[in-house]
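Heads up: the structure comes next, in structure tokens.
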Amino acid sequence: MTETTALLRALHFDIAVVSGFLVALLDKGGATTDTAIDTVGEATLNARKYYDMAAELAKEAANDAQ
């Protein structure tokens, strides 16, 4: 996986976080709020994982360039 791919995947999960928050805010009946909050939590963790992976790949690329 490249740094760019990892960043794109992290961005995808960031969008999932925003979408989950919007669902939770706009859900008047409350039926999907718990599911939306669970999705937000999982997507946040996944985004963090890919941001960390992108940072590690950037470090490796910088070390290889030297």
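The values are calculated or read from the model by the stated rules, or taken from the named source; none is laboratory data. These numbers come from a predicted model, not from an experiment. Reconstructed Cβ throughout: ideal geometry from the backbone, glycine too, with neighbour counts over all protein chains shown. Note: accessible area is taken over every heavy atom of the protein model, side chains too, but ligands, DNA and RNA are not part of it. Shrake-Rupley method; radii C 1.70, N 1.55, O 1.52, S 1.80 Å.
Observations
- Modelled this way, with points 7 Å down the Cα-to-C-beta line, the labels at residue 2 and residue 45 are 3.0 nm from one another.
- Around the amide H of residue 32, modelled in the peptide plane, lies no amide H under 5 Å away from a residue 5 or more places distant or on another chain.
- Under a model in which nothing but the beta-carbon of Lys, Arg (+1) and Asp, Glu (-1) is charged, the chain shows a dipole of about 140 debye around its Cα centre.
- Relative contact order computed over the chain (Cα-Cα under 8 Å; 6+ residues apart), in percent: 46
- Taking 0.36 nm per residue of separation and subtracting the Cα-Cα distance, full extension of the segment from residue 65 to residue 32 would add 7.0 nm.
- Local net charge near residue 14, Cβ-Cβ under 15 Å (Lys/Arg +1, Asp/Glu -1): +1
- Per residue, the accessible area of the chain comes to 72 Å², computed with a 1.4 Å probe over protein heavy atoms only.
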